[in-house]
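Presented below is the structure to which this report refers.
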Amino acid sequence: MKRPLEGVRVIELGTLIAGPFCSRILGEFGAEVIKIESPDGGDPLRSWRKLHEGTSLWWLAQARNKKSVAIDLKASAGQALVRKLAREADIVVENFRPGTLERWGIGWEHLSADNPGLVMVRLSGYGQTGPYKDRPGFGAIGEAMGGLRFLSGYPDRAPVRVGVSIGDSIAALFGAIGALAALREREVNGGRGQIVDVALYEAVFAMMESLLPEYDMYGFVRTRTGASLPGIVPSNTYTTRDGKYVVIGANNDSIFKRMMRAIGRPDLADDPQLAHNDGRTARTEEIDATIGAWTGANDLDEVLRVLEAAEVPAGKIYDIADIVADPQYAARAMFEQFALAGGGSVKLPGIVPKLSETPGSTQWLGPALGAHTAEVLSGLGVSEAEQRELEAAGVIARPRGAPPVT
C-alpha cells in the first residue's frame, strides 16, 4: 500500500529525542529517512533505559523505518558527504545548538545554496535567534521556561515533571507539522525551501491554554492545583473505596446535572447557582468533597459502572499493565509485535494518527549503527574503493551483519 510521504527524502542530523522523534513521524508515513550518526557509538539513545542485547528498546521504536549511515560530521570528508546527500533531499532535520552546523560547513546557507527547495527543520532549546540562542537547552529546560513545570504538582510542594520527555516530544510534533506545511508551500508557490525554526520553550508555551491572556487582562498567575483542572469544575482525580484512582470530567453543564443525579444528589443538579461553570468554580471545594465522598464509599468498578450508565466521562488511571490488557488499545491496533534477531519478540506502539486510505506503518525496527552506510553512499555514486578509504580514515562505518529486523 502506498504511503502518503513516499518519495520524500529526509536527512536527520540529530540525537536523542526532539529531532529524531520529528523524523520518526515522517518515516512512519513513508518518507525515506537517512539518519546520520557518529561512527563512534552513534546516537546516545541507543543505550538509554532498558536494553536488549546491548541496544535500547526505546531505540527500536525511535529509529524505526530509518536508514542508519555512520558519518563523522566533524571530518571535512564527512561534511562533504552530507552536502552531497542534502542536494537530493527534501527535508533536513537537526537539533544541534545553533551555530554548530554552520561551523561544520553544513548549515542552512551551505545546504540551501545547492538545493533551493530544501526545507530545514531546526529544533533547539531557545530557537535560532534572540539573546538566549547560544545556551544549551534540553526538553526539561523548555518545560520550565515554557510554563509547564510551574503548573505541575501540588501548591504546597516543589513543581514536578511529567514522567516522559514531553517538551521534546511537543517540539518534535511542531517540527513535523512545520515540515509538512513548508513542503506544501513549496509545491504550491514555486519550489523555494525555508527554515522551520522550533524552540523547545515556545513549543511548550504554545500549549499553555489561557495562561497569557488571563495574566495580561487580570494579572492572574495560575499556579499548581494538584490533580484538578483549574477553573473547570468538576474535573479532578478521586480515590475509591478500594484504594484506586478515578479521573472524572463532569464540567459540561448537562453532564454535571446527570452526574449529580447518578450519585444521589439531585439537589445539586437542580441548584441554579451550579447551572454553569462560573458558579461551580465558586463552590469547587464543596463539589469535590461531594464527589470524593461518593467515590470513597464505592469500589472503582462500581464507580465506573454508574458513571458510564449516566454518560459521564470517567476513567481509571492506567499503568502500562492496564494498557497492554485493555481491549480498546488492541481493537485500535496500538500494539505491534516484532520478532527480534537472536530470538524473542517485542511490542512497540502502533502508528498515530490513523489514515483510512494511506496509513503509516513500521517497515523495520531501529537498525544497527551504520547498517545502511554502504547502500546510501553507493546511491550517491561513492565507489567501493572510495568507501574503503573513508572507512579506513574513520570518516564512515560500514558494519557487517544481519539486516534490520522487520
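Just a few scattered comments:
- Here Glu214 clears all of (1) in contact with a helix residue (DSSP H, G or I) (Cβ under 6 Å, 6 or more places away or on another chain); (2) over 23 Å from Asp288 (Cα atoms); (3) not basic (Lys, Arg) except the condition numbered (1).
- Selection of region 234-261 for residues being assigned to a loop (DSSP other than H, G, I, E, B), under 16 Å from Glu311 (Cβ atoms) and touching an Asp or Glu at 6+ places or on another chain (Cβ under 7 Å) yields only Pro234.
- Residue match in region 76-89 (condition: over 21 Å from Ser169 (Cα atoms), open to solvent by 20 Å² or more (accessible area, probe 1.4 Å), in contact with a helix residue (DSSP H, G or I) (Cβ under 8 Å, 6 or more places away or on another chain) and among the aliphatic types (A, V, I, L, M)): yes
- Count - residues of region 207-233 that are surrounded by 13 or more Cβ atoms within 10 Å (Cβ to Cβ), assigned to a loop (DSSP other than H, G, I, E, B) and touching a Phe, Trp or Tyr at 6+ places or on another chain (Cβ under 9 Å): 6
- Boolean, Asn236 is touching a helix residue (DSSP H, G or I) at 6+ places or on another chain (Cβ under 7 Å), open to solvent by 30 Å² or more (accessible area, probe 1.4 Å), on the phi < 0 side of the Ramachandran plot and not basic (Lys, Arg): no
- The selection criterion, being without any contact (Cβ under 8 Å) to a residue 60 or more places away in the chain and exposed (fewer than 15 other Cβ atoms within 10 Å of the Cβ), holds for Glu286.
- Condition check for Asp319: of a type in the set (Asp, Glu), free of Cβ contacts under 8 Å to residues at least 24 places away in the same chain, loosely packed, with under 13 Cβ neighbours inside 10 Å and farther than 21 Å from Glu53 by Cβ: yes
- Failed item, numbered, when Phe96 is tested on (1) over 25 Å from the mean Cα position of the chain (by Cα); (2) surrounded by fewer than 23 Cβ atoms within 10 Å (Cβ to Cβ): (1)
- For region 47-61, the criterion of being surrounded by 24 or more Cβ atoms within 10 Å (Cβ to Cβ) and in contact with a helix residue (DSSP H, G or I) (Cβ under 6 Å, 6 or more places away or on another chain) is met by none of the residues.
- Val160 in a strand (DSSP E or B) and either touching a helix residue (DSSP H, G or I) at 6+ places or on another chain (Cβ under 8 Å) or of a type in the set (Val, Ile, Thr) (or both): no
- Condition check for Gly142: surrounded by 13 or more Cβ atoms within 10 Å (Cβ to Cβ), modelled with pLDDT under 95, in contact with a strand residue (DSSP E or B) (Cβ under 8 Å, 6 or more places away or on another chain) and over 20 Å from Val119 (Cβ atoms): no
- Count of region 145-157 residues which are over 25 Å from Ala179 (Cβ atoms) and open to solvent by less than 60 Å² (accessible area, probe 1.4 Å): 5
- All told, Arg24 meets the bar of being farther than 26 Å from Arg388 by Cα, touching a residue at least 24 places away in the same chain (Cβ under 8 Å) and charged (D, E, K, R).
- Residue ID - surrounded by the fewest Cβ atoms within 10 Å (Cβ to Cβ), chosen from residues in region 262-274 that are touching a residue at least 24 places away in the same chain (Cβ under 8 Å) and assigned to a loop (DSSP other than H, G, I, E, B): Gly264
- For region 385-406, the candidate set comprises residues that are modelled with pLDDT under 95 and among the charged types (D, E, K, R); within that set, the residue that is nearest to Phe338 (Cα to Cα) is Arg400.
- Test for Trp104: is it over 20 Å from Gly178 (Cβ atoms), open to solvent by 40 Å² or more (accessible area, probe 1.4 Å), touching a helix residue (DSSP H, G or I) at 6+ places or on another chain (Cβ under 9 Å) and of a type in the set (A, V, I, L, M, F, W, C): yes
- Residue that is nearest to the chain's Cα centre (by Cα) [pool: residues in region 11-35 that are open to solvent by less than 10 Å² (accessible area, probe 1.4 Å) and of a type in the set (A, V, I, L, M)]: Ala18
- Flag if Val160 is open to solvent by less than 30 Å² (accessible area, probe 1.4 Å) and hydrophobic (A, V, I, L, M, F, W, C): no
- Among the residues here, Gly130 does not qualify as of a type in the set (Gly, Ala, Ser), at pLDDT below 95, part of a loop (DSSP other than H, G, I, E, B) and open to solvent by less than 50 Å² (accessible area, probe 1.4 Å).
The values are calculated or read from the model by the stated rules, or taken from the named source; none is laboratory data. As the structure is a computational prediction, the values presented were derived from the model and not from experiment. Neighbour counts are summed over all protein chains in view; Cβ atoms, including those assigned to glycine, are modelled from backbone coordinates with ideal geometry. To get the accessible areas, we keep the full protein, side chains included, count just its heavy atoms, and leave off ligands, DNA and RNA. Shrake-Rupley method; radii C 1.70, N 1.55, O 1.52, S 1.80 Å.
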